[in-house]
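The values are calculated or read from the model by the stated rules, or taken from the named source; none is laboratory data. Keep in mind that this is a model prediction, so the values were computed, not measured. Neighbour counts are summed over all protein chains in view; Cβ atoms, including those assigned to glycine, are modelled from backbone coordinates with ideal geometry.
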Amino acid sequence: MNEKNINQSRRDAVRLLLGGIAAGPLLNLVGTAVVRAGDLPHLSEDDPTAKALHYVNDAAKGNRTAKGGTPAGDQYCHNCRFVQADAGDWRPCQLFPGKGVNANGWCVSWTAKS
């Protein structure tokens, strides 16, 4: 190998090393976010924000009415645009930061996912 090839190999090795170092924290953040979603405290119906939005853990107990062409009986947290996960019995919701809502719950802010 000549001097030029050795220098290019070193540069490639340094780029790879720096790329790996930079990617480590990003991968750690992704893994942490997934773990935190499952560990959220469950939203209580007695929570002041939950009361204001008439949140219920069981949608059948909510005062639902048809919205945007969706029948009342088809409205649940699991198909609401504000819920931020696609799996689990308790899911994070944009309306209740730091708390998990019941997938089969409902509140007056329910809006169909697009």
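Quick notes
- Residue identified as assigned to a helix (DSSP H, G or I), modelled with pLDDT of 65 or more and either in the same structural domain as ALA87 (by TED's automatic domain parsing) or not hydrophobic (A, V, I, L, M, F, W, C) (or both) among ARG36, ARG64, ARG10: ARG10
- GLY98 vs. criteria modelled with pLDDT under 95 and closer than 12 Å to LEU43 by Cβ: yes
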